[in-house]
Every structure is written in structure tokens, then in C-alpha cells.
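Each value in this text was obtained by applying a stated rule to the coordinates, not by laboratory testing. If you're wondering where the values come from, they're calculated on a predicted model, not measured in any experiment. Cβ sites come from the backbone with ideal geometry, for glycine too, and all protein chains shown count toward neighbours.
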Amino acid sequence: MYRFLLTRQWVILTLLGLVLIPVMIKLGFWQFHRHQHKVAQNAQIARNLAATPVPVTELAAVGRKLPQGDMWRRVTATGTYDTPHEVVVRQRTAADEQTIGYYVLTPLVLADGKAVVVNRGWIPAGDDLTKFPHVPAAPTGTVTVTGRMMVDETTAVSGIKNTKGLPPRQVMLINSRQQAKRVGRPTLGGYIEQTAPRTKDNSPELVPEPDHDSIGPHMAYAVQWWLFAAAVPVGWVVLVRRERRDRLTAAAREATAAEQAERAEQDGPAGPASAPADPGDGDGTTAADAGPVDGQPVARTAGSPD
């Protein structure tokens, strides 16, 4: 009764299940690895934020990409702001993660003549996106900035398209190599996300500390994919048993119908009606043979023997 598994419908269904199982298992491990990455990243953020701030030149250098392990390390930098080369970064959200505006990038020139890009914080977009917005003035003279060291943004990593033809002094990515061309002086790799000092009116609004407590839904997604993979063979067995049961039921009905038809054919149509009985008293005698009635002799017919 399992020959139906060789039908086209069941062969396709079985092959589909065999393909889905490893795909779902792989998707589960993909989500699990994302979970592991998130946990490791949270640990790194917490560890680097708790570390004592170091001079920026101990982590960053000209023409060198900031190591991933140094991301979110707290650093200090002392110098003077180069406001003529200040730019804003488009399409950035405020601390509420809803309001769209700009990040303000200002080069900080160190004592040795090198520069480091500083993200001074967020400002609202304003009404005209084609013009350079009003930016709170950077402090003048020598200043000391404390902040988190960040890796240069790229389209491949951030997913942000580096749009061309933007209004003057507006960019899409925070990238020290791009800013070095604007500044015209050696610039350290990476950039500083300022955390101190804070302005009196909190403008620009400092970028909040990254979330390093939430682990996201990746582990739950991984478990879901694995459950789906386990459900495929279970569902296949259930469908096979149901199909077998339905086929057995149909076969039993067909057998019963065939048996009833055969019996009806063997019995045939009903026979002809029986002929009426001869008149008489039921013992084979006829009226002519009957004896005298009430003592009177019965007349004999002509030609009857005496």
C-alpha cells in the first residue's frame, strides 16, 4: 500500500522535504552565529567602555585601519578644531532613534600637525536639505576631547550608499580617508565619537552609548529554524499515514460495492407468477367425480361409461 510514494506528486513532495531540511538547519546555524557575534560584541563594548581612556595616538595612526578590537575604546585627544573643514553627515537619527538630522564632523588638529575626525554629535535637519545647516560653533583654542574610538564607515559594512552630488560640505559616510582629502593634512584612521565635554545646551546632542545589554532575537530565530527542520519529516510521516489510511478506506468501499453488485447479478430478476390451482376440493378430484350431493345421484354426461 505504499506504492503511491512512487507517484509524481509524492516524489516531488519528498524531494522538496529533503531539500528544505538542510536549508533550514543552515539558516538556524546562521542565526546562531549571529547570536554568538552579538554576545561577543556586547562583551567587547562593555569591556572597552570600562577601560581607562588612552591618548588617541596609542590606538590610531595615519594610513592604518583601526583594529576591530579597539572599537569603542575610550580615548582622549588635545588640539584645536579646524572648523573651515567641518562637514555634516546626512540621514542620522537622534538619541530617540526616530528624528532625522545630521552628525557634525569637525577635524581636530593635534600638536604634531596631524588631524583626527571628531563626531561632535547630532543636530536637527532644518527645513532646507540643500543648504548647509546651522551648526553650533565648535570651541575655540586648545581643547581636550574624550570619546569612543570608532572604525571608518564603508558602504559594504554599514549598508549606507555613498551618494554623489550632495550639497557642499555634506557627506553620507564617516570616513577618515575621505575627510583627509578635504582637510589636506595627515589624518588618523578611524574617528572619535565625542562623549565629553558636554555643551550647556546639549547642542550638538552627543551620541548615546551603544546598547550592549540586548542580545537580540537571533537565538530564538535559530531555534525556530531547527524546529521547522524537525517538523518536515514528522509532517511527511503524518501525510504518508493519512494517505495510506484514505487509500485503504477507498479500497474497502470499492470492494464492498463490487461484492454487492456481484450478489445482485447472481440473484437475477424475480421469477414469473405461479399458475392458479385447478378447481376442486384440493385432493385431485373434479366436480364430475364427486359423489352424490345430499343423497342425490350426480347425472352422468352422455357417453360416460356406466
task = Using only Cα atoms, locate the centre of the range 14-46 and the centre of the range 137-171, then give the distance between them in Å, rounded to an integer.
result = 33
log₁₀ of I(q)/I(0) at q = 0.10 Å⁻¹ - the range 59-145, Debye sum with one point per alpha carbon = -0.31
Computed over the chain: relative contact order in percent, which uses C-alpha pairs under 8 Å that are six or more apart = 22
ask   = For Ala40 and Glu209, what does the FRET efficiency come to when R0 = 22 Å and r is the distance between their Cβ atoms, rounded to the nearest 0.05?
value = 0.75
Positive dipole terminus of the chain, leading residue within Ala40, Ala252, Ile25 (C-beta point charges) = Ala40
query = Cα gyration tensor of the chain, axes a ≥ b ≥ c as square roots of the eigenvalues: rounded (a/c below 1.5), prolate (a/b > b/c) or oblate?
reply = prolate
task = Using label points projected 7 Å from each Cα along Cα→Cβ, tell me how many nm separate Ala255 and Leu20, to one decimal.
result = 3.4
remark   = Share (percent) of C-alpha pair distances in the range 51-196 greater than 22 Å works out to 35
ask   = Cross-link list Lys114/Lys181; Lys38/Lys164; Lys161/Lys181; Lys131/Lys161; Lys65/Lys181; Lys26/Lys161: which exceed 23 angstrom alpha carbon to alpha carbon?
value = Lys38/Lys164; Lys26/Lys161
The range 133-182: C-alpha gyration tensor shape, a/c 1.5 cut-off, then a/b vs b/c = oblate
key: For peptides 233-243, 49-59, 143-153, 254-264, sequence by mean Cβ density within 10 Å, most packed first   = 143-153, 49-59, 233-243, 254-264
query = If amide H atoms are built 1.01 Å from N in the plane of the peptide, which residues on other chains or at least 5 residues away come under 5 Å of the amide H of Gly189?
reply = Ala61, Val62, Gly63, Arg64
Within the chain, helix-based [θ] at 222 nm, where runs of 4 or more DSSP H residues each add -39,500 (n - 2.57), nearest 500 = -12000 deg cm²/dmol
query = Using θ = phi - 60° and the Karplus form 6.51 cos²θ - 1.76 cosθ + 1.60, what ³J(HN,Hα) does each residue of the range 175-181 get, whole Hz, x for Gly and Pro?
reply = 9, 5, 5, 5, 6, 4, 5
note = Dipole check, the range 51-196, charges on Cβ (K,R +1; D,E -1), about Cα centroid: among Val143, Val75, Thr155 the Cα furthest to the positive pole belongs to Thr155
remark   = Length-normalised contact order of the range 51-196, Cα under 8 Å, at least 6 apart, in percent, tallies to 32
task = List the residues whose amide H sits under 5 Å from the amide H of Gly121, counting only those 5 or more places along or on another chain, with H placed 1.01 Å from N in the peptide plane.
result = Val104
